[in-house]
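S.K.: Would you mind keeping the following structure in view while I ask a few things?
The values are calculated or read from the model by the stated rules, or taken from the named source; none is laboratory data. Keep in mind it's a predicted model, so treat the numbers as computed, not measured. No Cβ is skipped: glycine too gets one built from the backbone with ideal geometry, and neighbour counts run over all protein chains shown. The accessibility values were calculated without ligands, DNA or RNA, using every heavy atom of the protein model including side chains. Shrake-Rupley method; radii C 1.70, N 1.55, O 1.52, S 1.80 Å.
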Amino acid sequence: MNTTDIDLTHSQSIPLAIYTFVVLVFGILGNGLVLYSSLRYDAINLDRVSLEFVRNLALADILYTICIIFPQFVTFAARKWVLGPVFCVLQGEVGMVPGSLNTLTVFAISIFRLKLVMSPLRQLSLFTARIIIGVIWLMALSPIALIEGYHLGVVFDPRTARCVGEIYSHDEARLPLMILVSLIVFIPLFGTIALNFGLLGVALRLKATNGSHGSAYKALVMILSLSGLFILSWGPYLVYTFMKIKTPTLPHDFELVVFNFLLLNAFGNPPYSALIPLL
């Protein structure tokens, strides 16, 4: 792929370069801290199954940081695409995976926590949790299989300074992509929202009964906070994905706003996960 200039002025690209650099650092260090502290020192105060899901969220955010934020920072700083075709494929194709990983993992956490509260004697084994995580990864990777099935590539969009998949503008692939996105993104998202209302009611009852110092209450608050942050940050992207399938060329300002909401997820999840045991 030839080097391509971006359609942004210096006054636009420099603040975005600084912003993405800060998020890049926090995304790698924050998520790395979550993984390291939980694996080496068992520092996060959660049950083993919930902790396994939180680690999967950290892995998804690291993947997002490498595939999306890092090339975005370099492109904003250089004011052109200089990373070559491999990173363009990573950003345009693999970059679709973290959103699905986040959606499905948060949905699984919400189901598990609600089930744990409703049936405390029926525990989910760590082995079963890892199988569920494996299924989540297979489902999240399915858009790449769809892209390869239609033999589609990626193109650099100078308006948004990023590589995007040709699948969004391919007429034959549009309907299968909409169905796939609905199954692995929208249904889990709306399910997560519904489950969180149930978990919120349980958390309020626990607080009224045991106060705010019980471990069960703290665990529920953490899961609710992660879910809320997820919905806030990924929600606009999910709407954007559906809109882009229907209308491949979206307004430039709209795409940048969506991108900044996504940065909130990579920026906010890791520090919160690491600090929650101190609360």
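S.K.: Please list, in order along the range 19-26, the HN-Hα scalar couplings obtained from phi with the Karplus expression 6.51 cos²θ - 1.76 cosθ + 1.60 (θ = phi - 60°), rounded to whole Hz, x for Gly and Pro.
M.R.: Computed from phi, the couplings for the range 19-26 are 4, 5, 5, 4, 5, 4, 5, 5 Hz.
S.K.: Does the range 42-167 classify as rounded, prolate or oblate by the C-alpha gyration tensor (a ≥ b ≥ c root eigenvalues; a/c under 1.5 gives rounded; else a/b over b/c gives prolate, otherwise oblate)?
M.R.: Values: a/c = 3.55, a/b = 2.12, b/c = 1.67.
Verdict is prolate for the range 42-167.
S.K.: Using θ = phi - 60° and the Karplus relation 6.51 cos²θ - 1.76 cosθ + 1.60, list the HN-Hα couplings for the range 171-179 in order, rounded to whole Hz, with x at every Gly or Pro.
M.R.: In residue order, the calculated couplings are 4, 5, 8, 5, 5, x, 5, 4, 5 Hz.
S.K.: Whose amide H sits under 5 Å from the amide H of residue 154, counting only residues 5 or more places off or on another chain, with H placed in the peptide plane?
M.R.: Those lying under 5 Å, H to H, from residue 154 are 166.
S.K.: Further question: For the range 83-151, state which trypsin sites (Lys or Arg not before Pro) are in a DSSP loop and have at most 11 other beta carbons lying within 10 Å of their beta carbon. Display every interim value, and only then the final one.
M.R.: Numbers: sites: 113, 115, 122, 130; in loops: 122.
When the trypsin sites (Lys or Arg not before Pro) of the range 83-151 are filtered for loop state and at most 11 Cβ neighbours within 10 Å, 122 remain.
S.K.: Something else: Given H placed on each backbone N at 1.01 Å, which residues far from residue 163 in sequence or on other chains put an amide H within less than 5 Å of it?
M.R.: It is 157, by chain and number.
S.K.: Calculate, for the range 8-75, the solvent-accessible area per residue in square angstrom, rolling a 1.4 angstrom probe over the heavy atoms of the protein chains. Before the final figure, lay out each step's value.
M.R.: On the way: 3010 Å² over 68 residues.
The answer is 44 Å² per residue.
S.K.: HN-Hα J couplings of the range 183-198 from phi, Karplus 6.51/-1.76/1.60, θ = phi - 60°, integer Hz, Gly and Pro as x?
M.R.: 6, 9, 10, 6, 4, x, 5, 5, x, 4, 4, 5, 5, 5, 5, x
S.K.: Place the peptides 8-15, 65-72, 168-175 in order of packing, highest mean first, counting for every residue the other Cβ atoms within 10 Å and averaging per peptide. Present the calculation step by step, with values, prior to reporting the outcome.
M.R.: Numbers: 8-15: 12.9, 65-72: 23.8, 168-175: 14.4.
Highest-to-lowest ranking by the protection proxy: 65-72, 168-175, 8-15.
S.K.: Given H placed on each backbone N at 1.01 Å, which residues far from residue 4 in sequence or on other chains put an amide H within less than 5 Å of it?
M.R.: When sequence neighbours closer than 5 places are left aside, the close amide H contacts are 81.
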